[in-house]
2 protein chains.
Amino acid sequence: MSEQISIGEAARRSGVKVPTIRYYEQIGLLPAPERTEGNRRNYRKDEVQRLAFIRHSRELGFEIDAIKTLLVLQDDPNQPCGTADQIVIARLQDVDQRINSLNALKVELETMLEQCSHGRVKECRVIETLANHDRCIHGHH
Amino acid sequence: MSEQISIGEAARRSGVKVPTIRYYEQIGLLPAPERTEGNRRNYRKDEVQRLAFIRHSRELGFEIDAIKTLLVLQDDPNQPCGTADQIVIARLQDVDQRINSLNALKVELETMLEQCSHGRVKECRVIETLANHDRCIHGHH
DNA sequence: CCTACATCCTCTAGCGACTAGAGGAGCAAG
DNA sequence: CTTGCTCCTCTAGTCGCTAGAGGATGTAGG
């Protein structure tokens with residue numbers, strides 16, 4: 001017969017924590033597995049594989065809903081992959097936006113630090129920049 | 001006497017939404033303002049200023065707890081500004097890390113898209129890359 | 001066989017930083 | 001006087017987990 005895979009073992013193999021696996025089952029992202037006589041979850045290899053898929057997708061920042069769609073696609077290999085493409089493209093745009101705003105932020109934070117005289121709060125540019133958004137790098141709005 | 005500033009007006013001036021202002025009061029980030037006869041919040045200019053400070057800090061990604069500390073510093077101008085510095089430095093490191101991992105992500109997502117033949121899911125690299133982390137850009141682990 | 005101890009089970013509540021909605025009161029303009 | 005806007009409080013929901021209580025089951029050693 002095929003191997004017995006406990007939830008702990010599945011966690012080790014997939015890199016998804018035990019409570020998170022149970023959570024995924026609860027929200028319907030992962031189907032409920034078979035149980036042993038003692039009522040313990042007993043995973044099959046393809047379920048562990050599915051967990052790894054989920055984990056990788058989460059690492060790439062996909063939302064649970066997007067992952068659900070991706071999993072449906074994976075289960076039906078004759079579907080055109082345009083939907084998957086679009087999910088990835090949307091995520092890519094999101095990532096680009098985040099990178100841009102984080103870069104702007106980085107500049108602003110660095111400027112704050114450079115201007116700080118390391119004296120008292122009274123003449124501290126850090127506090128003042130936070131207080132007075134107009135003077136900051138983003139300018140008026 | 002000084003101007004009457006309703007919560008809606010304070011929201012408009014500071015850029016913080018009305019329910020968020022009430023939330024900030026609830027968690028003790030913003031002191032409870034005076035009330036009018038009709039039990040409405042009545043802000044003073046310095047309170048609106050404080051809201052703008054909070055908003056800008058949030059935009060820069062500072063956590064509420066960090067902002068609490070920054071506000072205490074702002075209120076006591078004779079304190080050395082080293083604490084403020086450290087908060088900013090910590091945030092800067094965090095931002096740097098995020099930028100790095102987002103850039104790695106971007107590359108991976110782009111690679112996925114480039115390899116996709118835009119056919120069926122069966123031969124789609126997008127789905128396969130997600131399923132098979134080993135083959136992805138990050139390599140084995 | 002007994003005892004530790006690890007692992008598992010379910011269930012509920014908490015996190016951060018809001019956001020949404022119910023149900024009602026106050027206020028200004030027409 | 002009525003319409004419609006803003007305001008009030010309160011509770012519950014969002015996302016993706018994480019933590020903890022309280023108990024059952026499984027395994028290894030003595």
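A compact table of results
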read-out	value
Selection within the range A:105-124 - within 9 Å of chain B (Cβ to nearest Cβ) and part of a helix (DSSP H, G or I)	A:Leu105, A:Lys106, A:Glu108, A:Leu109, A:Glu110, A:Met112, A:Leu113, A:Val121, A:Lys122, A:Glu123
Residue count for the range B:23-54, restricted to those that are loosely packed, with under 13 Cβ neighbours inside 10 Å and of a type outside the set (S, T, N, Q)	10
Test set (1) under 19 Å from B:Leu71 (Cβ atoms); (2) modelled with pLDDT of 95 or more; (3) away from DNA strand C (no atom under 11 Å from the Cβ) - B:Tyr24 fails condition number	(3)
In the range A:22-39, residue nearest to the other protein chains (Cβ to nearest Cβ) [restricted to those that are within 9 Å of DNA strand D (Cβ to nearest atom) and under 22 Å from A:Glu59 (Cβ atoms)]	A:Leu29
Candidates A:Phe53, A:Phe62 - the one that is within 11 Å of another protein chain (Cβ to nearest Cβ), under 30 Å from B:Glu59 (Cα atoms) and of a type in the set (Phe, Trp, Tyr)	A:Phe62
Selection from the range A:64-92 of residues that are closer than 24 Å to A:Arg13 by Cβ, within 13 Å of DNA strand D (Cβ to nearest atom) and open to solvent by 70 Å² or more (accessible area, probe 1.4 Å)	A:Lys68
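Listed here are the residues, each with its yes/no results for (1) within 14 Å of DNA strand C (Cβ to nearest atom); (2) closer than 28 Å to B:Arg98 by Cβ; (3) not in a loop (DSSP other than H, G, I, E, B).
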site	(1), (2), (3)
A:Arg13	yes, no, yes
A:Val16	yes, yes, no
A:Ala52	no, yes, yes
A:Arg55	no, yes, yes
A:Thr69	no, yes, yes
A:Ile89	no, yes, yes
A:Asn103	no, yes, yes
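The values are calculated or read from the model by the stated rules, or taken from the named source; none is laboratory data. Please read these numbers as outputs of a predicted model, since none were measured by experiment. Reconstructed Cβ throughout: ideal geometry from the backbone, glycine too, with neighbour counts over all protein chains shown. Protein only, heavy atoms only, side chains kept; ligands, DNA and RNA dropped before computing areas. Shrake-Rupley method; radii C 1.70, N 1.55, O 1.52, S 1.80 Å.
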